Amino acid sequence: MIVYSLLLLATLVLGAPYWLVRMATSGRYRAGLPGRLGRVPAGLRAAVAGRDVIWVHAVSVGEVLAATQLIREFKAALPGWVVAVSTTTETGQRLAAERLTGSPVFYLPLDFRFAVRRYLRVLRPRMLVLMESELWPRLIVECAKSGVPVVVVNARISDRSFPRYMWLRRLWRPFLERISLFLAQSKETAERLVKIGAPAERVKVMGNLKYDVRAGSESALRAMLRERLPVGGRVVVCGSTLEGEEQVLLEAWPAVLAAEPNAVMVLAPRHPDRFAAVAVIIAGSGYELIRASEFRTQPASAAAGSVFLLDTIGDLASMYGIAAVAFVGGSLVAKGGHNPLEPAQFAVPVVMGPSFENFREVVESMREMDAIRIIAPEMLAGTLIALLRDQEDAKALGERGRAAFEAQAGATARTVQALTALLQERLVTGR
């Protein structure tokens, strides 16, 4: 741990000029800095004082969404308990505060002993729940020293990260052995966890919590846009796009409009810090730009062919509900893709590019059911046009997608049962 702490400190010191510049130019990097350095917010202290606490860590938006239903069901199973939620990103903070009312939300402290111990002294958690692959060595060690069980929920090891874990498995093994339970998304991830050093008897397959992520009732933004679409307008929702993809989508747009003149594109960049840059790209393409952040307060009609930039947080999942077809981003560039289940739950036909490593098991299960279209960039326009024209084929594809979504449901209930069982065991044995 001394070597790890020194390396972490060296990284921060050597990177100080970069981080200082970023903090000076972007509020994103200043947000929560005192808390990250170990100053526990007063609101958090008040919220947990004298209460039984579960600490859940979810890095950013995707993990918060996956954790939302889990936390709600966990709180229902443990009335009177507090579920405190930490995130790493500012967008994760905002979404957690919005979706998880009643749960105190704070930034994860830097992985130094002094910072971690301060939070443990205040929270005194009965359990720490880490979402997916958030393994922080110092946090794990300090929890073990304090007798706090650590559980990794919705655990996953991607194709990209598995070789790195294997190369460093001798270093990781001591930390993994301190974790009480691993609840894996799939059998493949469970096998990988054991190979890198997790005790086999502590690894269980629960399924993917993201199969249980369901959009709630229609959002106000979606309702407003629906009312202002052109007559006969068809919506193409392009979600979680990354740099390089917006240009490809806009280049395909003329062909789509030639076949479906009343179409409207909803374009949702994955990262909020790119909203302004994407707005410039859209404006430069010559299409009418409508920014959701402005539309909320000054709604106007969405003209045929216009591009609706979803520069808000937490609205994408609901927006898929008005799509005639959905493209899921991070897949036309080599970034591993994003979650195709968000549109699939609405029986919307889903299109992705060839890079889907981050959701390979989900995508493969959908491919087996012919419930998704995986395409090369040059096939994008043709595929969108075909699905917009052949509504019967699009409807059948969408229904198969929803069936794939429904078939995998239930991971949340199984996970809550496993967590409460472990918690009860610890409370009874005092260990």
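Among the candidates Leu341, Leu310, single out the residue that is buried (at least 24 other Cβ atoms within 10 Å of the Cβ), under 17 Å from Val264 (Cβ atoms) and not basic (Lys, Arg).
Checking each option against the conditions leaves just Leu310.
Any residue that is out of contact with any helix residue (DSSP H, G or I) (no Cβ under 6 Å at 6 or more places or on another chain), aliphatic (A, V, I, L, M), more than 30 Å from Val416 (Cβ to Cβ) and at pLDDT below 95 - is there at least one of those in segment 231-250?
Scanning segment 231-250 turns up at least one residue that is out of contact with any helix residue (DSSP H, G or I) (no Cβ under 6 Å at 6 or more places or on another chain), aliphatic (A, V, I, L, M), more than 30 Å from Val416 (Cβ to Cβ) and at pLDDT below 95.
Within segment 366-425, work out how many residues are in a helix (DSSP H, G or I), more than 30 Å from Glu73 (Cα to Cα), of a type outside the set (A, V, I, L, M, F, W, C) and touching a strand residue (DSSP E or B) at 6+ places or on another chain (Cβ under 6 Å).
Going through segment 366-425 one residue at a time, the tally reaches 1.
For residues in segment 290-312 being part of a loop (DSSP other than H, G, I, E, B) and among the β-branched types (Val, Ile, Thr), which is nearest to Val235 (Cα to Cα)?
So, considering only residues that are part of a loop (DSSP other than H, G, I, E, B) and among the β-branched types (Val, Ile, Thr), the one nearest to Val235 (Cα to Cα) is Thr312.
Any idea which residue in segment 353-368 is farthest from Ala184 (Cα to Cα), counting only those that are touching a Gly at 6+ places or on another chain (Cβ under 6 Å) and not acidic (Asp, Glu)?
Ser355
Answer yes or no: is there a residue in segment 399-419 that is touching a helix residue (DSSP H, G or I) at 6+ places or on another chain (Cβ under 7 Å), of a type outside the set (Phe, Trp, Tyr), under 26 Å from Val264 (Cα atoms) and surrounded by 17 or more Cβ atoms within 10 Å (Cβ to Cβ).
Yes, segment 399-419 contains a residue that is touching a helix residue (DSSP H, G or I) at 6+ places or on another chain (Cβ under 7 Å), of a type outside the set (Phe, Trp, Tyr), under 26 Å from Val264 (Cα atoms) and surrounded by 17 or more Cβ atoms within 10 Å (Cβ to Cβ).
Which number in (1) touching a residue at least 24 places away in the same chain (Cβ under 8 Å); (2) open to solvent by 40 Å² or more (accessible area, probe 1.4 Å) marks the one condition that Pro354 misses?
Only one criterion is unmet by Pro354, namely (1).
Just give me the residues in segment 357-371 being crowded, with 23+ Cβ neighbours inside 10 Å and more than 18 Å from Thr383 (Cα to Cα), in sequence order.
First, pick out the residues of segment 357-371 that are crowded, with 23+ Cβ neighbours inside 10 Å: 359, 362-363, 366, 371.
Matches in segment 357-371: Phe359, Val362.
Filter segment 313-360 for residues that are within 12 Å of Gly401 (Cα to Cα) and assigned to a loop (DSSP other than H, G, I, E, B) and give the result.
Pro340, Gln345, Phe346, Ala347, Val348, Pro349 - these are the residues of segment 313-360 that are within 12 Å of Gly401 (Cα to Cα) and assigned to a loop (DSSP other than H, G, I, E, B).
Go through (1) open to solvent by 30 Å² or more (accessible area, probe 1.4 Å); (2) in contact (Cβ under 8 Å) with a residue 12 or more places away in the chain for Val153 and report which single condition fails.
(1)
Considering only segment 167-240, give the helices (runs of 4 or more DSSP H) lying wholly within it that have at least 2 residues that are among the small types (Gly, Ala, Ser).
220-227
So the check is Cβ under 6 Å with 6+ separation or different chains; which pairs have a first residue in segment 224-239 that's surrounded by fewer than 17 Cβ atoms within 10 Å (Cβ to Cβ) and a second one that's part of a helix (DSSP H, G or I)?
Arg226/Ile322
Filter segment 82-98 for residues that are more than 21 Å from Met127 (Cβ to Cβ) and assigned to a helix (DSSP H, G or I) and give the result. Even if it seems obvious, please write down each step before you answer.
Narrowing segment 82-98 to residues more than 21 Å from Met127 (Cβ to Cβ): 89-91, 93-95, 97-98.
Once the filter is applied, which keeps residues that are more than 21 Å from Met127 (Cβ to Cβ) and assigned to a helix (DSSP H, G or I), segment 82-98 yields Glu90, Thr91, Gln93, Arg94, Leu95, Ala97, Glu98.
The values are calculated or read from the model by the stated rules, or taken from the named source; none is laboratory data. Predicted model, so just to flag it, every value in this text is computed and none were measured. Ideal geometry is used to build each Cβ from the backbone, glycine not excepted, and the neighbour counts take in all protein chains shown. For accessibility, only protein heavy atoms count, side chains too; no ligands or nucleic acids. Shrake-Rupley method; radii C 1.70, N 1.55, O 1.52, S 1.80 Å.
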